[in-house]
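Got a structure here, written out as structure tokens. Questions coming.
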Amino acid sequence: MHFSNEVGESLTYKFAQAAGKMRAEGREIISLGLGEPDFQTPEYVIKATETALENGFTHYSPSQGLPELREKIAGDYRQRYHKDFNASQVIVLPGIKSAVYTALAAILEPFDKVVNISPYYVSYPAMIKLAEPTAEIVNVKLQSDFSLDLQYLLEQLTEDKKCILLNSPNNPTGMMLTKDEVRAIVDACVKNHIYIIADEVYEKLVYSGYRHTSFAEYEQAKELLILTNGYSKSHAMTGFRLGYAVAPNAVVVKMNRIQQHVNTNTCTFIQKGACSIYENEPVHIKEYVAKLEQRVDFWDKQMNGLSYIRGRKPQAGFFYFADISETKMDSNSFCVKLLESTGIASTPGIAFGADWDHYVRFSIAVEMDVLERAASLMRELEKDF
């Protein structure tokens, strides 16, 4: 396998590992790096998974996923978007990363061009190059306020492109595409027969006053749309490694071939446990989003009260992407200094694209008292800038 420059070590994990080592040495560490919800997995998911184990769901399942779970996923999309989704269009995979990568591997051919919104999820370039080493990545940079230069993007969505890869709500900025932007992207992709790979994992963590627009709302995109999603953020199931894709039948067939030879199937009892998600009301989400919004309001005020950092309040998710250009430091150097001086672990902006080396990402998926302690330590750092 050819390992291009894009297939490097994940900086999000690199700094998390460094923080873990320092914690083991007795240092006070405040982890604002990895994106992981700080609430417990709902009890009904735990119990359903335990019951599945007890009832013998420990053997192979269909490689495309348990029919029961696939039907529940399709039914959820039918109910939410009033479109004709069915179980044959759903494939269950071990994580959303796996869903995105497998989708790319299913559609990319040598020298295809992929439009990629920057800043992007850290693994997207690596996924593209692992799926097709000769693929060309065409990065489209968000503007300084994290809004999309729609006209520029549309100019890139020409018939020589194979697909566009994006996530909304966006990681790391927490911003969302507007309804008009989604519709314009759909129209351009349909016109030029460009696949849309849409990662919508943060769709349920949207703050008050905002609305997420899913690409699933547009029937005309159905034969080109590959939706990827899962439960890691909305149900605190990061360790379950469970995701899915909803895609055209022809794409699902190819994805399933890859699944058969790489994974065989996704963990059977975990799939069975996930069925319970569709049998219970997600009452925890409203309370969690309220907590996140309270935290991000606090963190936004604290960051913009410092002389060396500036931020913009996100619309969704649990990340805060802040500008550190006043420090005159690159993002790796800043994150190292922050970790060594204060014990705060963060993620350098360079992980999300070369254009963002003067940014740093903080996760606010921690209790308020932890954020308050972190803010206090960052105020003490003022003297160094």
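The values are calculated or read from the model by the stated rules, or taken from the named source; none is laboratory data. What you see is a predicted model; the values in this text were computed from it and never measured. Cβ atoms come from the backbone with ideal geometry, glycine included; neighbour counts cover every protein chain shown.
Select from the range 279-313 the residues that are within 25 Å of residue 337 (Cα to Cα), crowded, with 17+ Cβ neighbours inside 10 Å and not charged (D, E, K, R) and list them in ascending order.
The answer is 296, 299, 302, 303, 306, 308, 309, 311.
Sticking with this one: Across the range 254-280, what is the total count of residues that are in a helix (DSSP H, G or I) and touching a strand residue (DSSP E or B) at 6+ places or on another chain (Cβ under 9 Å)?
Our first condition is that a residue be in a helix (DSSP H, G or I); within the range 254-280, this holds for 254-262, 268-279.
Now restrict to residues that are touching a strand residue (DSSP E or B) at 6+ places or on another chain (Cβ under 9 Å): 255-256, 259, 271, 274.
So the count comes out to 5.
Give me a count of the residues in the range 188-229 that are modelled with pLDDT of 95 or more and at positive phi.
Here the count works out to 1.
Pick from the range 38-63 the residues that are in contact with a Phe, Trp or Tyr (Cβ under 7 Å, 6 or more places away or on another chain) and part of a loop (DSSP other than H, G, I, E, B): which of them is surrounded by the fewest Cβ atoms within 10 Å (Cβ to Cβ)? Break it down stepwise before answering.
In the first step, residues of the range 38-63 are kept if they are in contact with a Phe, Trp or Tyr (Cβ under 7 Å, 6 or more places away or on another chain); the result is 39, 49, 52-53, 57-58.
This time we only want the ones that are part of a loop (DSSP other than H, G, I, E, B), so: 39, 57-58.
Numbers: 39: 13, 57: 18, 58: 11.
Looking at the filtered set, the residue picked out is 58.
Condition (residue is among the aromatic types (Phe, Trp, Tyr), on the phi < 0 side of the Ramachandran plot and surrounded by fewer than 20 Cβ atoms within 10 Å (Cβ to Cβ)) applied to the range 251-274: is it met by at least one residue? Even if it seems obvious, please write down each step before you answer.
Of the residues in the range 251-274, the ones among the aromatic types (Phe, Trp, Tyr) are 269.
Right, trim to on the phi < 0 side of the Ramachandran plot and you get 269.
Adding the requirement that they be surrounded by fewer than 20 Cβ atoms within 10 Å (Cβ to Cβ) leaves none.
Checking the range 251-274: not a single residue is among the aromatic types (Phe, Trp, Tyr), on the phi < 0 side of the Ramachandran plot and surrounded by fewer than 20 Cβ atoms within 10 Å (Cβ to Cβ).
In the range 295-312, what residues are without any contact (Cβ under 8 Å) to a residue 40 or more places away in the chain and in contact with a helix residue (DSSP H, G or I) (Cβ under 6 Å, 6 or more places away or on another chain)?
The one that is without any contact (Cβ under 8 Å) to a residue 40 or more places away in the chain and in contact with a helix residue (DSSP H, G or I) (Cβ under 6 Å, 6 or more places away or on another chain): 311.
Shifting gears a bit: Enumerate the pairs (first residue in the range 329-346 and more than 11 Å from residue 360 (Cα to Cα); second residue anywhere and among the acidic types (Asp, Glu) and outside any helix (DSSP H, G or I)) with beta-carbon separation below 8 Å, excluding pairs fewer than 6 apart on the same chain, so at least 6 apart or on different chains.
Sorted first by the residue in the range 329-346, then by its partner, the pairs are 343/28.
Anything in the range 51-69 that is touching a residue at least 60 places away in the same chain (Cβ under 8 Å) and among the charged types (D, E, K, R)? List them, or say none.
68, the sole residue that qualifies.
Here is a further query. Given the conditions (1) farther than 28 Å from residue 270 by Cα; (2) touching a residue at least 12 places away in the same chain (Cβ under 8 Å); (3) charged (D, E, K, R), which single one is not true for residue 97?
It fails just one condition, (1).
Here is a follow-up. Collect the residues in the range 114-142 that are of a type in the set (D, E, K, R) and farther than 15 Å from residue 349 by Cβ, keeping them in residue-number order.
Taking the range 114-142 as the starting set, the residues that turn out to be of a type in the set (D, E, K, R) are 129, 132, 136, 141.
Within the range 114-142, 129, 132, 136 qualify.
Any residue in the range 87-95 that is small (Gly, Ala, Ser), modelled with pLDDT of 95 or more and not in a helix (DSSP H, G or I)? Let's see the steps before the verdict.
Of all residues in the range 87-95, those small (Gly, Ala, Ser) come to 87-88, 95.
From what is left, the residues that are modelled with pLDDT of 95 or more are 87-88, 95.
Cutting the leftovers down to not in a helix (DSSP H, G or I) gives us 95.
Checking the range 87-95: at least one residue is small (Gly, Ala, Ser), modelled with pLDDT of 95 or more and not in a helix (DSSP H, G or I).
For the range 91-101, state whether one or more residues are crowded, with 22+ Cβ neighbours inside 10 Å and more than 25 Å from residue 36 (Cα to Cα). Write out each step before concluding.
Going through the range 91-101, the residues crowded, with 22+ Cβ neighbours inside 10 Å turn out to be 91-93, 96, 98-101.
Still in the list and also more than 25 Å from residue 36 (Cα to Cα): none.
So far as the range 91-101 goes, no, none of its residues is crowded, with 22+ Cβ neighbours inside 10 Å and more than 25 Å from residue 36 (Cα to Cα).
Inspect all residues belonging to the range 306-316 and state whether any of them is modelled with pLDDT of 95 or more, assigned to a helix (DSSP H, G or I), over 21 Å from the mean Cα position of the chain (by Cα) and not hydrophobic (A, V, I, L, M, F, W, C).
no
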